[in-house]
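The values are calculated or read from the model by the stated rules, or taken from the named source; none is laboratory data. Model, not experiment: these values are computed from the prediction. Note that each Cβ is placed from the backbone with ideal geometry, even for glycine, and that neighbours are counted across all protein chains shown. For the accessible areas, the whole protein counts, side chains as well, though only heavy atoms, and no ligand, DNA or RNA atoms are used. Shrake-Rupley method; radii C 1.70, N 1.55, O 1.52, S 1.80 Å.
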Amino acid sequence: MTSEPLHKRLVRIGVISDTHGYLDDRVIDAFVGTDLIIHAGDIGKPKILDALARVAPVKAVRGNTDRGPWADELPSTALVALNSVTLYILHDIQLLDLEPQAAGIRVVISGHTHRASLEEKNNVVFLNPGSAVEPRHSSPPTVAILTARGETLDARFIELLDSKKG
């Protein structure tokens, strides 16, 4: 039995940001079956990364509130090569100091605003998963799932609604 070539395989990525030391079980449920989890900063505590790593490999960047020796080991930006797509991860999009399209980057993932957003500019997808625990602007808590097959991308948000609220 041969495995499907990576460039043709569907890859699912869980995207999260701004957990600030708290990880709801609904996040874990949402990320079951992902191939990779990206945390775009303001993690809060290293136990968050440990819990996510039990679901899938994790790539994380340091956010502006991440402090201490564990956080000092995290990069402020990261690149992930996925199939034929390159992702660039940073916490605050206002600190983006490169031109993504010119650098061959197809997806820029950020957090910081606590508000989910998705837009495409100049063939570059800008994805912010919102906050899984502290949304702002009357937004619900959210994470995102990014799927890629070759150069085809799809992103969707998952609202982490309290089961008691419906």
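Considering only Ile89, Ile48, Ile109, the Gaussian network model of the chain with Cα springs below 10 Å gives its largest mean-square fluctuation to Ile48. Restricting attention to the stretch 1-98, close to 45% of DSSP beta bridges with both partner residues there are antiparallel.
Which whole-number value in Å² is the accessible area per residue of the chain, probe 1.4 Å?
Counting only protein heavy atoms, the per-residue value for the chain is 53 Å².
Ignoring solvent entirely, what values of log10 I(q)/I(0) come out of the Debye formula for the stretch 1-101 at 0.11, 0.12, 0.13, 0.20 Å⁻¹ when each Cα is a single scatterer? The Debye formula, applied to the Cα set alone, gives -0.36, -0.43, -0.50, -1.03. For Leu96, the accessible area of its heavy atoms, probed at 1.4 Å with every protein chain present, is near 50 square angstrom. A quarter of the convex hull surface defined by the alpha-carbon atoms of the stretch 44-106 gives 5.0 nm² as the mean projection. Other residues whose C-beta falls under 10 angstrom from the C-beta of Leu153 contribute a net charge of -1, scoring Lys and Arg +1 and Asp and Glu -1.
I'd like to compare 31-37, 73-79: which one has the highest average count of other Cβ atoms within 10 Å, and what's the full order after that?
So the peptides 31-37, 73-79, ranked by packing, come out 31-37, 73-79.
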